[in-house]
Amino acid sequence: MENNKVTFSLLDNTSGFEANPDRVRLTDLARFTADITTFLRGDGKEIDPKLIEVAIQKGSFQLVTSPIVNAPNFFDDLKRLTTTELLDNIDSKRKEIIEGWQKQTRNLSGVSYHIHSKKLDKSIQINSDTDFHSDDADQWVRVERYIRGEIQDLGGSTNPNIHIKYPNGKTLTVKADREALRNDSINRLYKPAMLRINAEYNVSTREIRNATLLEFLDYSPSFKEDDLIKLTRRGEVAWSDISNPTAWVEDIRGGLH
């Protein structure tokens, strides 16, 4: 079981001292542990971080997990990170963490990250000399989009957001302004909704990330039989002099019949 333990190390001397278990900035500690929690859980939620214990050790600042079992995808991702700096084939959440760490090591001299486990042939190192990236990294564009789904959750005391579930079952987290949510008089929870958002869109994978709410749109999908009857009658009148509607449509479209 010792082989299943994983060590995450933060080397940081940007504060004028080396981060260690006896002395580390609170914000750095909070961010590092949050990143590790996200990295362990991943997008597939194969690991439940609530079941993981950690030991804090020196060198420079290390968190050593309790044995991680029944997580083949997690260890497959770690093994990939020891052989390639391309992130396309690892869990999307883990990819985000590695990309964030890589960016930070380039912006802050003296910061690096290490991941080690006895299940790996070598340690994973992220520093200013490495280049962990995705092949699709340059295919993200900023867009405005309309999205539709059911709101599963909204609010939050520190980082207000909206969790919206698409009709296909996938979910998206959308950042929201606290005042906008506070002043919204409509109860939108567990109801269909249409949102206009600003987000980053990947033209290759069609993935959306870093979404921010611009506005809620009036959206009440409903069916009224009387309205359908009226529209049907209007159609019958409008098409009354068309002997072959199918041929007429094909002709409008420029098709052959």
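By the equivalent-ellipsoid construction on the alpha carbon gyration tensor, the chain comes out with semi-axes of 50, 23, 18 Å, ordered largest to smallest. Taking 7 Å steps out from each Cα toward its Cβ at Thr14 and Ile229 produces label points 6.9 nm apart. Per residue, the average separation of C-alpha pairs within less than 8 Å and at least 6 apart gives the chain a relative contact order of 15 percent. Dipole magnitude for the stretch 11-103: about 160 debye, using +1 per Lys or Arg Cβ and -1 per Asp or Glu Cβ, origin at the Cα centre. For the residues Glu236, Glu99, Glu150, a GNM of the chain with alpha-carbon springs under 10 Å puts the largest fluctuation on Glu236. Relative to the longest principal axis of the Cα atoms of the chain, the long axis of helix 225-238 lies at roughly 50 degrees.
Extending 7 Å from the Cα toward the beta-carbon at both Leu189 and Arg145 defines two label points whose distance is 2.7 nm. Based on the alpha-carbon gyration tensor of the stretch 1-139 and its eigenvalue square roots a ≥ b ≥ c, which shape applies: rounded if a/c is under 1.5, prolate if not and a/b is larger than b/c, or oblate? Note, shape of the stretch 1-139 comes out oblate. Remark: accessible surface ordering of Arg234, Arg145 (largest first) is Arg234, Arg145, probe radius 1.4 Å. Distance from the alpha carbon centroid of the stretch 80-98 to that of the stretch 7-59 works out to 18 angstrom. Once the C-beta distance of Glu215 and Asp135 is scaled by a Förster radius of 41 Å, the resulting FRET efficiency is 0.75 to the nearest 0.05.
For the stretch 71-176, the dipole from Cβ point charges (+1 on Lys and Arg, -1 on Asp and Glu) about the Cα centre works out to 320 debye, to the nearest 20. Across q = 0.17 Å⁻¹, the stretch 16-61 modelled as identical point scatterers on its alpha-carbon atoms has Debye log10 I(q)/I(0) values of -0.57, in the order of the q list. For the stretch 39-94, trypsin sites (Lys or Arg not before Pro) meeting the loop criterion (DSSP other than H, G, I, E, B) and having at most 15 other Cβ atoms within 10 Å: Lys45. Subtracting the Cα-Cα distance of Asp28 and Asp177 from 0.36 nm times their residue separation leaves 51.1 nm of extension gain. Under 11 Å from a label point 7 Å along Cα→Cβ of Thr37: give me every residue in the stretch 50-69 with its amide N that close. Hits in the stretch 50-69 for Thr37 at 11 Å: 50. Pairs exceeding 31 Å between alpha-carbon atoms, taken from Lys58/Lys103; Lys50/Lys118; Lys191/Lys230; Lys118/Lys170: Lys118/Lys170. To the nearest ten degrees, helix 26-41 and the longest principal axis of the Cα atoms of the chain are 60 degrees apart.
The values are calculated or read from the model by the stated rules, or taken from the named source; none is laboratory data. Quantities reported herein were computed from a predicted structural model and do not represent experimental measurements. Heads up, the Cβs are rebuilt from the backbone with ideal geometry, glycines too, and the neighbour counts pull from every protein chain shown. Areas reflect the complete protein model, heavy atoms only, side chains present, ligands, DNA and RNA absent. Shrake-Rupley method; radii C 1.70, N 1.55, O 1.52, S 1.80 Å.
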